[in-house]
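One structure is given below, encoded as structure tokens.
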Amino acid sequence: MHLYMGFGLYQVLGRPLSMGEAPVYLLRTPCSNILVNTGRADEVEILMRNLLELGVGISEVSYAILTVPSGEAAGSCRILRELNPNLLTVASVVNARAFREGGKGLDPCPISIEVREQYQLDECSGVSVFFNAVDTAVAAFGEGWGVAILSVGGAASSTIPRDLVKEVLSRGVGRLLLCSAAEPGCLHLKASELRLGTKGG
């Protein structure tokens, strides 16, 4: 099972699809399949089955962006890396050590790319990751639209980090899909409805 959120974004794990609290998203671009979080270790089979429903095998996933070092959000990270050694895991420099050391329901997981502030995964996919001391935002952009997934605050709020707002405005985005990596749910917003947050630079 999966839920299509819009603009190439699918929810593939988490309520109401599984018992996990934190949603796992698959972002499909012309160049890459990107997971935002990996979900619980005991739900790997459900995740893989839901990905296959979309025609995506785990070996076809290029990146896993990890937002929070917890078993709910990233408990299956190590397992997915073992199944796909080419999977690149992406995390904030603030959280990278916690992912590598594990604990509290999280098995140690190697981190391929540590991001200090902003990182573009690849030019073709148009996906960027924004980190600051508090939270994570993952953004993808197309012609006139954008997708943003926030690690905290989520879709219940239209306040997003200042640097991400600047990115949205500089790209001329008219419509934005704003989702939460903490709890299921997305908002469809017009760019004019965004409130400038105080986080970020």
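Since every read-out is calculated from the coordinates, none of them should be taken as a lab result. Keep in mind that this is a model prediction, so the values were computed, not measured. Note: ideal-geometry Cβ built from the backbone for every residue, glycine included; neighbour counts use all protein chains shown.
In the stretch 45-73, which residues have a backbone nitrogen under 20 Å from the label point lying 7 Å from Met1's Cα in the Cα-to-Cβ direction?
Inside the label zone: 45-56, 72-73.
Counting GluC sites (Glu not before Pro) as exposed when in a DSSP loop with at most 15 other beta carbons within 10 Å, what is the longest stretch of the chain free of them?
22-116
If one takes the longest principal axis of the Cα atoms in the chain, at what angle in degrees, from 0 to 90 and to the nearest 10, does the Cα axis of helix 44-53 lie?
60
Taking the Cα centre of each part, how many Å lie between the stretch 95-116 and the stretch 44-69?
If we compute the Cα centre of each part, the gap is 18 Å.
Quickly estimate the mean residue ellipticity at 222 nm for the chain, helices only: each DSSP H run with n ≥ 4 gives -39500 (n - 2.57), and the total goes over all residues, rounded to 500.
Estimated from H runs of four or more residues: -4500 deg cm²/dmol.
Using the Cα centre of the chain as the reference point, and only Cβ charges (+1 on K/R, -1 on D/E), how large is the resulting charge dipole? Debye, rounded to the nearest 20.
Charge dipole of the chain: 420 debye, to the nearest 20.
Taking only the alpha-carbon atoms of the stretch 3-196, what semi-axes of the equivalent ellipsoid follow from 5 times the gyration tensor eigenvalues under a square root, in whole Å, largest first?
Sorted largest first and rounded, they come to 24, 18, 16 Å.
Which of Gly71, Ala181, Ser32 sits farthest toward the positive end of the charge dipole of the chain, with +1 on the Cβ of Lys and Arg and -1 on the Cβ of Asp and Glu?
Selected residue: Ala181.
Using the count of nearby Cβ atoms within 10 Å as a rough guide to exposure, how do Tyr119, Tyr10 rank from fewest to most?
Tyr119, Tyr10
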